[in-house]
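Readers should treat all values here as calculations from the given coordinates under stated rules, not as data from a laboratory. Every value quoted in this text rests on a predicted model; they were computed, and no experiment measured them. Here Cβ is always computed from backbone atoms with ideal geometry, including for glycine, and neighbour counts include all displayed protein chains.
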Amino acid sequence: MAIIVCPTCNARNRVSPITRGVPRCSRCKSTLPWVVDADADTFAAETTASVPVVVDFWAAWCGPCRMISPVLEDLAKSHAGNVKVVKVDVDANPGLASKFGAQSIPLLVVIRDGREADRVVGALPRAALEQRLRPVLAA
């Protein structure tokens with residue numbers, strides 16, 4: 001279960017993995033920016049959603065990973081209700097990293113309807129990343 005702070009009213013919301021719909025603030029009913037952490041136990045539940053899921057394979061020691069993290073958070077805010085960002089620490093979850101072939105990080109894997117729809121290796125600038133993800137976000 002994730003705690004997501006509403007950008008509209010600052011309420012703290014508990015959000016469980018949900019397969020249909022999107023999370024809304026319990027206080028003001030605004031759509032929440034959907035950014036959660038996942039591990040081997042929660043990965044399947046967190047990546048099953050009715051919106052595209054951008055899985056961020058990252059590590060704390062990785063400079064480019066730290067650079068792209070705020071970009072992904074802003075993307076989740078600006079496209080609230082249309083995308084979910086799931087963060088996976090490759091050091092804590094080597095099995096997931098291996099399963100997805102995360103040999104270089106940051107690695108962004110876009111999952112749509114349970115299947116991989118796109119893959120971005122490396123930290124792209126904000127504009128380039130938004131351009132790359134635009135077709136998935138518009139679907």
Fill in the blank from the handout: Least to most buried among TRP61, TRP34, by other C-beta atoms within 10 Å and fewest first, runs TRP61, TRP34
Completion exercise
When ASP89, ASP37 are arranged by how many other beta-carbons sit within 10 Å of their Cβ, fewest first, they go ASP37, ASP89
Fill in the blank from the handout: Checked the range 72-115 with the C-alpha gyration tensor, a ≥ b ≥ c its square-rooted eigenvalues, rounded below a/c of 1.5, otherwise prolate if a/b is larger than b/c and oblate if not; verdict prolate
Problem - Gain upon complete extension [SER16, ARG66; 0.36 nm per residue less C-alpha separation] - result: 15.5 nm
Exercise for the section: Would you please name the trypsin sites (Lys or Arg not before Pro) within the range 1-52 that are DSSP coil residues with at most 15 other C-beta atoms within 10 Å of their C-beta? Expected result: ARG20, ARG27, LYS29
Practice task
Quick one: which residues, 5+ away or cross-chain, put their amide H under 5 Å from the amide H of ALA11? H built at 1.01 Å from N.
Solution key: CYS6
Handout entry: Long-range HN-HN contacts of VAL85 with modeled amide H, under 5 Å
Key = TRP34, VAL35, VAL36, VAL54
Practice task
Sum -39500 (n - 2.57) across every DSSP H segment of at least 4 residues in the chain, then divide by the residue count to get the 222 nm mean residue ellipticity, nearest 500.
Solution key: -8000 deg cm²/dmol
Problem - ASP118 long-range amide H proximity, modeled H, under 5 Å - result: VAL110
Completion exercise
Computed for the chain: size of charge dipole around the Cα centre, +1 on C-beta of each Lys and Arg, -1 on C-beta of each Asp and Glu, debye to nearest 20, value 560 debye
Practice task
Work out from phi, with θ = phi - 60° and the Karplus expression 6.51 cos²θ - 1.76 cosθ + 1.60, the ³J(HN,Hα) of each residue of the range 75-81, listed in order in whole Hz, and give x for Gly and Pro.
Solution key: 4, 5, 5, 6, 10, 4, x
Exercise for the section: Take the alpha carbon atoms of the range 51-124, find their center, do the same for the range 24-50, and report the distance between the two centers in whole angstrom. Expected result: 14 Å
Exercise for the section: Could you work out the local net charge near GLY114, counting Lys and Arg as +1, Asp and Glu as -1, over the other residues with Cβ closer than 15 Å to its Cβ? Expected result: +1
Fill in the blank from the handout: A correct Karplus calculation of ³J(HN,Hα) over the range 45-55, with 6.51 cos²θ - 1.76 cosθ + 1.60, θ = phi - 60°, whole Hz and x for Gly and Pro, returns 5, 6, 8, 9, 8, 7, 10, x, 10, 9, 8
Problem - Derived scalar couplings ³J(HN,Hα) [the range 107-114; Karplus, 6.51 cos²θ - 1.76 cosθ + 1.60; whole Hz; x for Gly, Pro] - result: 10, 10, 10, 8, 10, 10, 6, x
Exercise for the section: For the chain, build the charge dipole from Cβ charges (+1 Lys, Arg; -1 Asp, Glu) around the Cα centre, then report which of TRP58, ASN10, PHE100 sits farthest towards its positive end. Expected result: ASN10
